[in-house]
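Just below is one structure, and these are the notes that go with it.
Every read-out reported here was derived from the displayed coordinates using simple, explicitly stated rules and does not represent laboratory data. Computed from a predicted structure; not experimentally measured. With ideal geometry, Cβ positions are generated from the backbone for all residues, glycine too; neighbour counts draw on all protein chains shown.
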């Protein structure tokens with residue numbers, strides 16, 4: 001059976017928190033297997049969508065697949081910060097390495113002038 005994007009994102013966010021779907025259901029006061037019902041591409045009610053977005057501290061549009069960036073504080077952050085947050089550790093280290101090289105070149109260019 002094909003899993004819906006909403007279900008995949010809820011499950012992934014739960015995994016990041018180290019929580020099973022059953023634990024999340026308990027904490028939110030949902031009935032057992034309530035979140036599993038979304039496995040077959042059914043969509044949540046608006047209230048449940050907002051509750052889950054708030055629980056995971058993400059933008060509701062991210063849960064629905066309308067946005068690839070999950071941060072709900074997009075107005076407070078610029079695009080670069082949002083992009084950086086969604087990189088894995090190896091990618092972040094590579095950006096730091098490239099930035100260091102660029103900074104050293106800039107310092108050397110400024111000293112040469």
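Subtracting the Cα-Cα distance from 0.36 nm times the residue separation, let me have the gained length for residue 49 to residue 22 in nm, one decimal.
8.0 nm
Suppose R0 equals 41 Å. What FRET efficiency, 1/(1 + (r/R0)^6) with r the Cβ-Cβ distance, do residue 12 and residue 99 give to the nearest 0.05?
Working: r = 29 Å, r/R0 = 0.70.
FRET efficiency, residue 12 to residue 99: 0.90.
Once you divide the Cα radius of gyration of the stretch 2-71 by 2.2 N^0.38 Å, the number left is 0.98.
For the listed peptides 26-38, 85-97, a ranking on the average number of other beta carbons within 10 Å per residue, highest first, reads 26-38, 85-97.
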